[in-house]
Every structure is written in structure tokens, then in C-alpha cells.
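See below for the structure under consideration.
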Amino acid sequence: MVLALTEKLDTGLMQLREKLSDAHLRQVVRGAAFVMGIRIAGAAITLLSQVLLARWLGAFQYGIFAYVWVWVIMLGIIVPLGFGTSVLRFVPEYTTHQKWDWLHGMLRASFGIVALMSLACLAIGAMVLWLTASILPFYYVVPLAIGLATVPAFALTDWQEGAARAFGWVNLAYVPAYIIRPICIVLFTGVILAFMHQPRAVDACMAALVASFVTFAGQHVLLRLRVADHVPAARPTYNIGHWFAISAPLVLVEGLYLLLANTDIVLLGHFVTPDEIAVYFAATRIANLIAFIYFAMAALAVPKFSELHAAGDMHGLQHFVSNIIHAIFWPTLAASLFLGVFGDVALSLFGARFDAGSSLLWWLMIGFLVRAATGPVEYLLNMTGHQNMTALAYGSAVILNIGLNFLLVPSYGINGAAAATSISVSLATLSLAFFVKRRLGITAFIAARVFSSRRSMLNA
């Protein structure tokens, strides 16, 4: 079996080399390699920081921190209301047509909207926390309050990442969030450990709060300087209604995917102890390593989807989609096999009790492999005006995920949560591939050419 998998992997890699003759794919791969380099460096730093936090805090306190941090991530990405994504469309459009007044207006307005929504989220969240404090486990209350205070910095950093990506400033987009922030979190927590006392979840949350604002402030200054250098001065022109109309559907899609990806940890907070959440969170951090290939390729492929579709080149779009899928799937398969063998070693870095998460890795990898086998189909739908289909697929999957978590977690614990998430993600991904075929006539699957060849032989 191993020999057969090896042969298939070799065949896939050979096919990938042949596909690099595609000019569109070459451009994406070059950019993706750079993005992946940053992501790999960030992943190593993030993983190291999480290992250190787990060892310093202990499983119980680390589980509390992980639970709070998941809430920060969810709220911090939803609060920008899709402007962190829509800026990727507006900045290139206004730059191409030299509409500098519209560009300045869009940047100022969207930043201000995200800032206001962040403060509103903080106020509403504080009220909800105050009303529910009596029914929450006492050890979550103060860390959650600190997490709410972190949301504005996280949300504005997310918007700034999108703006920097839109201008093509990859370093400025990814380095602050994926390298600087995790380094600062572990450094500030380390200072507490070295000079004050044994750190707790509250201390780690405070470190994350300070690190998030330091990261946001530094990125903000650099972004403003670059914009001033590269964008001609002009009096801002505003079209907030139009920008909202484009951005609002995107936040629905992003929010539903975030719920799909994080429902397990949110619900685990009601079913299991922080110790078990710590094991589950550590397993997800390890499993997420194999998603970097997908992330890097998808981030650079999105503009090509829009470009080819706008040109009406559906044959070229099909060819590009097929090549992207192969470029994602085979490296992801190789990474999954490697992780399956050495996952226990990686988990043991977090502490003695974290090896209980080894079975979780297999469940989580199934979802990643299914996504890799269809490619970035959600982006393909979003960039071609079919974002409602993405929202439908993710919305259905969220409901399914919640139901499966309530069904499986009481009996199977964290393994039930991993199975629920993997099943939901897989079904959502396959649904998206189906919608791509129905709406665009594009076949998005790793074995599409094999099936196509067999159908041709049968028809002959």
C-alpha cells in the first residue's frame, strides 16, 4: 500500500512539473512560494510559541487561553465586515484606472468603519459577558474580558493585511500578524515568567492584548508611509453604500467559514475541561501546518480567477483550476503522510499529556485533504459572483457541525469534535465543487481528468 501511494505521489509530482509550463500557474507559484516562505517561518514561530505557552501555563491554564484566543480570532475577522477582503478588489481597480480620489476615500472609510465596529463589538461583548458572568465557569470571565479588549487591534490588523496584499506588499501584509505578533506574545509571557510569577491564562491573555496593539501600531505606521509614497495625493471621494454592498456578502461567507472551523472549540468549552481543550487546540495547531500549501496557492490564485472569468476564457479557467488543484493536492498529501508518521512527536513537545491528541490528527487531516482535492473552490465562486452559493454551503455545514458536535462530543469527547468538524468541512467542500460545476461548468477535482478520459473511452 505504501509503495502504491509512493508511486501515485511520484506520478502526481511529475504531472505538477509538466503543469508549470502554464504561464498563469508559474506566476502564481512564484508568488505563492514567497508567501509560503513567510507562512512557514510564521508557522514555526507560532508553533514554538504555543509549545512554550503550553509548558509554561500547564494544560488547564493553556486550555483557557486557547479558548479565549479562538473567540478573539472569530470576532477579529468578522468585525471588519468583509472590508479586509473587498479591499483586494477595490485597490487594484482604482489603481489601474488612476482613481486616486476614490482610492483614498475607500482606504479611509473602510479603516474608520472597521475601527467603529471594533469598538461596538467591545461594548456589546462586555455587556453580554457581564450578563452571563454568573453562569460561565469563573476561570473564563476575566480572560474573556481581556480577549474582548484585544479584538479592535486584531480586527484592524486583519484589515491592514488585506490592504497591504491589495498593493502587493506581501511582507507588510503577512509578517506582522504571522511572525511579529506570536513572537511578542511569547516574549511578554516569558517576561512574566522570568521576573514575576508562574504565568496564568490571564497573564497570557494580557500578553496577547499588548502584542496585538504593538503589532497593529507598527503595521499601521508602515502602511501609511507606503501609501503616501506610492499613491498620489488627492481629495478623498466616498461611495460608502457601494462599498458596503460589495463587502457585506463577503463577511457572511467569512463568518460562516469561521464558525465552521471553530465551532468545535467553542462548543467544547461547554462539554469538556480546559485540559481537554488544550489537547484539542494543540492538535489543530499541528494539523494546520499542512494547510499552508493551500493558503499560499489560494492567496495568489484569486486574482487570476477573476481575470480569466472576466475575459470569458472558460477553457483557460478550467485549465488553470485543474493545475492549481494538482499544485495544492500532491504537496498536501506528502505533508499529511509526514504528519501522520511524526505527529506524535510534535504533540509531545506541548507536554506529557498532549499525546492524547494523536488520533485527532487523522480526523483533522481528512478535511484538509478533501479541500486540497477540490482546490480553492470557495474563492472561485466568490470571485465570479456566486458568493451566495458559498454562503449556502458553509451555512448548511455550520448547522451540521453544531448538530454533530452535540451528538458526538458527549459520548466521544474531543475525538467526536474532530470527527464532526472533518465531516462538515468535507461535505461543505464537495458541495462547493458541485456548485462550481453547475454554475460555471468547471470541474474542480483532483481526478477530474481521469474521469474525463474514462468517459471519453466509454463514449467511443
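The values are calculated or read from the model by the stated rules, or taken from the named source; none is laboratory data. Predicted model only: the values in this text are computed from it and were never measured. Here the Cβ is made from the backbone with ideal geometry for all residues, glycine too, and neighbour counts use every protein chain on show.
Results for (1) under 18 Å from the mean Cα position of the chain (by Cα); (2) among the basic types (Lys, Arg); (3) over 26 Å from residue 50 (Cβ atoms), shown as yes or no for each residue.
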{"residue": "334", "(1), (2), (3)": "no, no, no"}
{"residue": "337", "(1), (2), (3)": "no, no, no"}
{"residue": "360", "(1), (2), (3)": "no, no, no"}
{"residue": "384", "(1), (2), (3)": "no, no, yes"}
{"residue": "397", "(1), (2), (3)": "yes, no, yes"}
{"residue": "435", "(1), (2), (3)": "no, no, yes"}
* Asked: Among the candidates 65, 60, which residue alone is over 21 Å from residue 250 (Cβ atoms) and either surrounded by 20 or more Cβ atoms within 10 Å (Cβ to Cβ) or among the aliphatic types (A, V, I, L, M) (or both)?
  -> 65
* Asked: When only residues in segment 346-355 that are surrounded by fewer than 18 Cβ atoms within 10 Å (Cβ to Cβ) and among the hydrophobic types (A, V, I, L, M, F, W, C) count, which is nearest to the chain's Cα centre (by Cα)?
  -> 349
* To do: For segment 216-226, indicate whether the set of residues that are assigned to a helix (DSSP H, G or I) and either touching a Lys or Arg at 6+ places or on another chain (Cβ under 6 Å) or farther than 18 Å from residue 159 by Cβ (or both) is non-empty.
  => no
* Residue by residue through segment 388-414, note down the ones that are surrounded by 19 or more Cβ atoms within 10 Å (Cβ to Cβ) and either among the aromatic types (Phe, Trp, Tyr) or in contact with a Pro (Cβ under 8 Å, 6 or more places away or on another chain) (or both). => 391, 394
* Asked: In this structure, does residue 232 turn out to be more than 17 Å from residue 70 (Cα to Cα), touching a Phe, Trp or Tyr at 6+ places or on another chain (Cβ under 7 Å) and surrounded by 17 or more Cβ atoms within 10 Å (Cβ to Cβ)?
  -> no
* Candidate set from segment 315-340 (those that are under 22 Å from residue 384 (Cβ atoms) and either of a type in the set (Gly, Ala, Ser) or at pLDDT below 80 (or both)); member that is surrounded by the fewest Cβ atoms within 10 Å (Cβ to Cβ) -> 316
* **Which numbered condition residue 112 fails, given (1) surrounded by 14 or more Cβ atoms within 10 Å (Cβ to Cβ); (2) within 24 Å of the chain's Cα centre (by Cα)** => (1)
* To do: For residue 82, state whether it is at pLDDT below 90, buried (at least 17 other Cβ atoms within 10 Å of the Cβ) and among the small types (Gly, Ala, Ser).
  => yes
* To do: Return the total of residues in segment 344-398 being at positive phi and either without any contact (Cβ under 8 Å) to a residue 40 or more places away in the chain or part of a helix (DSSP H, G or I) (or both).
  => 1
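Conditions (1) among the charged types (D, E, K, R); (2) in a helix (DSSP H, G or I); (3) modelled with pLDDT of 80 or more; (4) out of contact with any Phe, Trp or Tyr (no Cβ under 8 Å at 6 or more places or on another chain), marked per residue:
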| residue | (1), (2), (3), (4) |
| --- | --- |
| 4 | no, yes, no, yes |
| 34 | no, yes, no, yes |
| 60 | no, yes, yes, yes |
| 93 | yes, yes, yes, yes |
* Could you say which residue among 157, 150 is crowded, with 22+ Cβ neighbours inside 10 Å, among the polar types (S, T, N, Q) and within 14 Å of residue 222 (Cα to Cα)? -> 157
* How about segment 75-91: which of its residues are assigned to a helix (DSSP H, G or I) and under 17 Å from residue 150 (Cα atoms)? -> 75, 76, 77, 78
* To do: Identify all residues within segment 171-207 that are more than 19 Å from residue 158 (Cβ to Cβ) and of a type in the set (A, V, I, L, M); write none if there are none.
  => 186, 187, 191, 192, 193, 194, 196, 201, 202, 204, 206, 207
* Structure fact -> Exactly one of 429, 421 is more than 30 Å from residue 89 (Cα to Cα), in a helix (DSSP H, G or I) and hydroxyl-bearing (Ser, Thr, Tyr), and that one is 421
* Structure fact -> Note: among 312, 343, just one is among the small types (Gly, Ala, Ser), crowded, with 19+ Cβ neighbours inside 10 Å and modelled with pLDDT under 90, namely 343
* From the residues in segment 194-210 that are farther than 13 Å from residue 61 by Cα and in a loop (DSSP other than H, G, I, E, B), which one is modelled with the lowest pLDDT? -> 196
* Asked: Looking at 372, 296, 278, which one is surrounded by 22 or more Cβ atoms within 10 Å (Cβ to Cβ) and more than 16 Å from the chain's Cα centre (by Cα)?
  -> 278
